[in-house]
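Trainee: I'd like to ask some things about the structure below.
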Amino acid sequence: MSCVSNCSRRSRRLSAALAGLLLTVTAVADGHTAAKTAPLAPPSIPELATAAGRFDTLLAAVQAAGLAEALSSPGPFTVFAPTDAAFARLGDDTIASLLEPAAKPTLARILKHHVVPGRLDAADLVGRESIETLAGTTLELGVLRGRLLVGDAAVESADLAANNGVVHVIDRVLVPPAVVDPLETLLDNAVRRGAARFNDGDPGACADIYATALDSVALAAGFGLDDDTRDRLQSRLDEIASMNSDRDRAWAYRRIIDTLYAGIQNGSISSTSASASNDPTPTSTAPATPAAARTTASRHTFAPSGTMLFAFDGEDAATGWRTVLDGVMGGRSTGRILATDDGTIVFDGATSLENNGGFSSMRTDVAEGACDGADAIRLIVKGDGRDYKLGVKGYRGMSPEGYWQSFPTVAGEWTEVVMPIRDLERQFMGRPLQGRIAPEDIRAIEFYIYDKNAGDFRLEIDSIEAVRLDQTFDA
């Protein structure tokens with residue numbers, strides 16, 4: 001009995017000791033584990049993106065736009081972060097161009113279009129129709145099949161917490177709406193209204209509409225022009241106002257409008273900065289040409305005036321012009337040239353595809369040196385919807401060789417065609433040849449209807465002018 005009792009007591013003491021040791025070891029181990037698993041402070045938004053490994057392009061864009069420091073500030077911000085795969089949809093060339101230093105304002109605006117002030121978790125976004133971004137733009141919100149939609153993108157992962165906000169991963173880059181330049185809007189409205197009046201046969205009303213818009217530009221300081229340029233513009237407007245011909249006034253005003261359009265296009269004129277101080281992005285998108293306005297061979301800056309080759313005033317306006325038809329090759333097309341009482345000439349007739357024909361042309365000689373210093377031919381024409389060809393030659397007389405380029409027409413509407421001389425292609429009986437013609441070598445000019453279609457044609461020509469493309473109204 002004694003031995004059993006003593007053994008039991010020793011066993012209980014050993015068990016208690018082991019239990020104490022185990023508690024001690026466990027406590028120490030728990031302490032170490034607690035120290036190892038203690039939560040770290042959340043990363044900033046850029047740090048979170050770096051650690052994720054899916055946002056290399058976004059991080060490069062943030063650095064190029066100079067926004068890294070701002071996105072590391074206390075915020076808070078809500079960031080819709082496109083993945084590398086989302087940026088890849090834009091194409092390598094687009095991404096490379098956005099990362100260029102010259103594109104920094106544009107890139108900054110695109111990135112700000114992805115950032116919303118404040119912390120908005122997914123639960124805060126669901127049920128909202130839209131949110132406003134740091135770019136001053138609006139993102140539409142929605143839910144489709146359980147997925148949160150932001151603009152054109154779907155949220156792949158939501159609520160990634162950062163110490164200065166929250167990140168939602170999206171599957172495509174969000175493109176902000178184009179910046180509307182007030183000057184461009186003013187000009188668009190003037191051209192839309194003025195061109196319609198001109199094409200309805202009222203060039204005086206068209207000129208008055210253009211003049212009113214341009215007077216506003218010259219008098220106001222909010223359209224991106226400095227005082228000296230506005231003074232020169234006003235001087236040119238005064239000169240145009242004294243012209244006797246309504247048609248000449250309308251086209252002279254229109255050339256100034258196109259000069260301003262070109263300035264908006266190349267970024268040398270921008271009136272958006274005063275009205276969008278939070279958005280440094282300049283307007284750089286070429287304005288759409290109203291359908292009723294004109295046709296151009298290329299966009300450019302117009303000269304205030306050029307060398308008028310043919311104005312077609314007077315009864316003898318058609319003198320010196322002659323037709324050359326496909327009858328010289330056995331064809332049966334027709335063509336004639338008529339002067340009108342409105343100071344234009346008309347080239348009309350019918351093309352026939354019989355006997356391998358199909359063309360009709362009108363042509364004349366020009367004085368030596370008439371195109372010196374010019375680099376384009378400017379036409380004011382009213383066509384029938386068919387395509388015509390403008391051609392020049394380096395000699396007078398008949399020859400199957402020349403330099404040609406096609407231009408379209410709009411049926412029943414006066415249009416302006418400006419054809420750079422460098423774009424005229426050398427041909428011999430329809431076969432292309434190497435070489436270009438110098439403006440000072442031009443000795444003849446011609447028009448062809450040769451679109452491989454049969455039927456009536458009519459081209460009315462108001463004027464033909466040799467102009468320079470690199471001059472502006474204030475030259």
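The values are calculated or read from the model by the stated rules, or taken from the named source; none is laboratory data. This one's a predicted model, so the numbers in the text were calculated from it and none came from an experiment. As a convention, Cβ positions derive from the backbone with ideal geometry for all residues, glycine included, and neighbour counts pool all protein chains shown.
Trainee: Just one of (1) outside any strand (DSSP E or B); (2) under 21 Å from Thr351 (Cβ atoms); (3) modelled with pLDDT of 90 or more trips up Arg422, so point out which.
Mentor: Every condition holds for Arg422 apart from (2).
Trainee: Report whether or not Phe80 is assigned by TED's automatic domain parsing to the domain that holds Gly165, in contact with a His (Cβ under 6 Å, 6 or more places away or on another chain), of a type outside the set (Ser, Thr, Tyr) and buried (at least 16 other Cβ atoms within 10 Å of the Cβ).
Mentor: For Phe80, the condition - assigned by TED's automatic domain parsing to the domain that holds Gly165, in contact with a His (Cβ under 6 Å, 6 or more places away or on another chain), of a type outside the set (Ser, Thr, Tyr) and buried (at least 16 other Cβ atoms within 10 Å of the Cβ) - is met.
Trainee: Something else now. In region 137-153, which residue that is among the β-branched types (Val, Ile, Thr) and crowded, with 16+ Cβ neighbours inside 10 Å is nearest to Val116 (Cα to Cα)?
Mentor: So the residue we want is Thr137.
Trainee: Collect the residues in region 154-163 that are surrounded by fewer than 21 Cβ atoms within 10 Å (Cβ to Cβ) and either touching a residue at least 60 places away in the same chain (Cβ under 8 Å) or not polar (S, T, N, Q) (or both), keeping them in residue-number order.
Mentor: Ala154, Val155, Glu156, Ala158, Asp159, Leu160, Ala161, Asn163
Trainee: Only one of these is under 17 Å from the mean Cα position of the chain (by Cα) and either modelled with pLDDT of 70 or more or at negative phi (or both): Ser271, Ser277. Name it.
Mentor: Checking each option against the conditions leaves just Ser271.
Trainee: Considering only helices (runs of 4 or more DSSP H) fully contained in region 182-264, which possess at least 1 residues that are within 15 Å of Trp414 (Cα to Cα)?
Mentor: Correct list: 182-199, 203-219.
Trainee: Additional query: Based on this model, can you work out whether Asp84 counts as touching an Asp or Glu at 6+ places or on another chain (Cβ under 8 Å) and over 13 Å from Arg172 (Cα atoms)?
Mentor: Against the criterion (touching an Asp or Glu at 6+ places or on another chain (Cβ under 8 Å) and over 13 Å from Arg172 (Cα atoms)), Asp84 does not qualify.
Yes/no matrix, rows are residues, columns are (1) closer than 13 Å to Glu446 by Cα; (2) surrounded by fewer than 20 Cβ atoms within 10 Å (Cβ to Cβ):
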site: Ser361; (1), (2): yes, no
site: Ile377; (1), (2): yes, no
site: Gly385; (1), (2): no, yes
site: Gly394; (1), (2): yes, yes
site: Val410; (1), (2): no, yes
site: Trp414; (1), (2): no, no
site: Arg426; (1), (2): no, yes
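Trainee: Regarding region 119-140, can at least one residue be identified that is within 19 Å of Ser44 (Cβ to Cβ), at pLDDT below 90 and more than 33 Å from the chain's Cα centre (by Cα)?
Mentor: No, there is no match, as no residue in region 119-140 is within 19 Å of Ser44 (Cβ to Cβ), at pLDDT below 90 and more than 33 Å from the chain's Cα centre (by Cα).
Trainee: I've got another one for you. Would you point out the residue of region 425-456, among those that are among the acidic types (Asp, Glu) and part of a strand (DSSP E or B), that is farthest from Asp365 (Cα to Cα)?
Mentor: Per the stated criteria, the residue is Asp456.
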